1. Could you pull the Rg and Dmax for segment 148-292, using just the Cα atoms, both in Å?
2. For segment 140-179, what does the convex hull of the Cα positions come to per residue, in cubic angstrom?
3. Using only Cα atoms, find the angle between the long axis of helix 262-275 and the longest principal axis of the chain, and express it within 0 to 90 degrees, rounded to the nearest 10.
4. Which residues does a label at residue 165 reach in segment 129-158, if reach means a backbone N under 12 Å from a point 7 Å past the Cα toward the Cβ?
5. Given a Förster distance of 30 Å, report the FRET efficiency between residue 172 and residue 223 from their Cβ-Cβ distance, rounded to the nearest 0.05.
6. Using Stokes-Einstein with the Kirkwood hydrodynamic radius over Cα pairs, what translational diffusion coefficient do you get for segment 1-70 at 25 °C and a viscosity of 0.890 mPa s, in µm²/s rounded to a whole number?
7. At 0.36 nm per residue, minus the direct Cα-Cα distance, what do residue 29 and residue 92 gain on full extension? Give it in nm, one decimal, please.
8. Quick check: convex hull of the Cα atoms in segment 79-182, volume per residue, rounded to a whole Å³?
Ligand code: UTP
């Protein structure tokens, strides 16, 4: 274990440079991460989850056409001045406020894969452990997923990934872990494979969009080796760290919605609407009516 393995987690990387092809044409001019679930864009849920976990230095790995994400967290002078003039409360904009200097963007010029996107943040991450959020995976829990992971990190250090169980027939779409010893929500990770063929997966525990990694992963990513789908895969780089540093999976106690897929997005919208006090009764009545 390196000396950096128990440094506090202060930085989070949000890779948002993907093309979002599954949501075209909606994502032609609008980043996938700006699609709203009810009244908050996906990126807002992820940033809220990071802050709840005590992480306030936000690193966005962006690409062409992604400026709306940065603007979302900017001071909107005209909007705020007009709202104030009309006596409208600005409290609704509170979640979009970021301390000056706490938001940094780096560009991934070509979307060569998630591993490459993370590597693009290496100079800002520096020599400390960091969190990663894939904002299209919406994690709803009490406490939130990253807070659960930071608590686990404080106990075991090293590298952690969030996992959840899926039906065997679905594993080929995901990164899958080879599990070792289990203790409560923690499972030792013995191996990792990205998008295994059906029947060759080491388990049905999939990596679910939240990570705490040691900075050494950047050196592994430096090699820029291509994996599944011809992309530079984060899973492959993490797999190379197993055995050199502690590596655990945390089973998330909560609900995960795959908002990178259309049905997952609809599910998230409906589930969250049914939880929200301000709308659940109306939405429930509407859903029952639609279902006949
Ligand atoms: P996805 O596999 O969901 O790809 O990326 P995508 O481009 O966002 O969407 P589809 O599949 O074309 O519809 C998982 C995460 O990794 C980021 C994406 O922005 C998303 O948050 N990513 C992926 C990058 O930042 N760069 C890449 O080169 C690839």
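1. For segment 148-292, the Cα-based Rg and Dmax read 18.1, 57 Å.
2. It comes to 96 Å³ per residue, whole-number rounded.
3. 60 degrees
4. The answer is none, because no backbone nitrogen lies closer than 12 Å to the label point.
5. In this case the efficiency is close to 0.75.
6. This corresponds to a translational diffusion coefficient of 182 µm²/s.
7. 20.1 nm
8. Convex hull of Cα atoms, per residue: 213 Å³.
No lab work stands behind these numbers, since they all come straight from the coordinates. From a predicted model like this one, the values you see are computed outputs, not experimental measurements. FYI the Cβ positions are ideal-geometry reconstructions off the backbone, even for glycines, and counts take in every protein chain you see.
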